[in-house]
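A quick write-up on the structure given underneath.
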Amino acid sequence: LEKREAEGIDLGEPEGIDLGSEASSDPFAVGAAAAVEEPTKKKKLTAEERIRKDRPPPRIRIMESSQPDYTALRLENIAITFRDQPVLTSATWGVQTGDRIGLVGANGAGKTTQFRILTGELEPTAGDVVKSRKDLRVAMLRQEFIDEIDPTRSLRDEFMSVFTEEAQIMADLASAEKELEGMTGGEDDADRMQEVLDLMAKL
């Protein structure tokens, strides 16, 4: 070796030292490089996300009824979980025309949650909401309304206060009826009586 170096012969790089070009052409090099990388951590799903992924989506079913004045609303096997906290597991109950139902339970038991599901504000993680007709609308008087109520009004008046246009019509009708009651029916009241009757017909 010393003799060949002395003669000026270029021996190049020793074998096995330069891996640059050979590593790039080796099909196993990419796999080896990937093997040393840290594995991507999967996002841990919450209980709510797992349930929504595994179970079929909740439905809104329309109940077929031959009774034109029949109204019904029902929860069937309703369950809902907020992140990792189950709130309802299998709630089933309903209300129909003529019913007056009180929902009683401890704080945090899910009473308001059920009403919010009925109104469509919340989507359950499982179960069905059943309506008697597609265009059925549900209104809810929230328990926080205490700061906004007028203590001089009855419960009926408080509910009616939401429907401002309808409430005005009812007030106008009541005023017209009161005016009619004060009329004697004489000739002097005839024209005004007809005006009031025409107004009531329009209302």
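For region 177-187, the criterion of being modelled with pLDDT under 85 and either in contact with a Cys (Cβ under 9 Å, 6 or more places away or on another chain) or of a type in the set (Val, Ile, Thr) (or both) is met by at least one residue.
Checking each residue in region 113-132 for being open to solvent by 20 Å² or more (accessible area, probe 1.4 Å) and in contact with a helix residue (DSSP H, G or I) (Cβ under 7 Å, 6 or more places away or on another chain) picks out only 122.
Taken together, the criteria exclude residue 182 from residues that are farther than 20 Å from residue 71 by Cβ and touching a residue at least 40 places away in the same chain (Cβ under 8 Å). I'd like to check something: does region 88-107 contain any residue that is aliphatic (A, V, I, L, M), out of contact with any helix residue (DSSP H, G or I) (no Cβ under 6 Å at 6 or more places or on another chain), buried (at least 18 other Cβ atoms within 10 Å of the Cβ) and closer than 25 Å to residue 162 by Cα? So far as region 88-107 goes, no, none of its residues is aliphatic (A, V, I, L, M), out of contact with any helix residue (DSSP H, G or I) (no Cβ under 6 Å at 6 or more places or on another chain), buried (at least 18 other Cβ atoms within 10 Å of the Cβ) and closer than 25 Å to residue 162 by Cα. In this structure, does residue 138 turn out to be within 30 Å of residue 203 (Cα to Cα) and touching a Gly at 6+ places or on another chain (Cβ under 8 Å)? Here the answer is yes, as residue 138 does meet what is asked.
For residue 152, the conditions (1) of a type outside the set (Lys, Arg); (2) in contact (Cβ under 8 Å) with a residue 60 or more places away in the chain; (3) surrounded by fewer than 12 Cβ atoms within 10 Å (Cβ to Cβ) are fulfilled apart from (2).
The values are calculated or read from the model by the stated rules, or taken from the named source; none is laboratory data. Computed from a prediction, not measured in an experiment: that's the story for all the values here. Cβ atoms come from the backbone with ideal geometry, glycine included; neighbour counts cover every protein chain shown. These area figures cover heavy atoms from the full protein model, side chains too; ligands, DNA and RNA do not enter into them. Shrake-Rupley method; radii C 1.70, N 1.55, O 1.52, S 1.80 Å.
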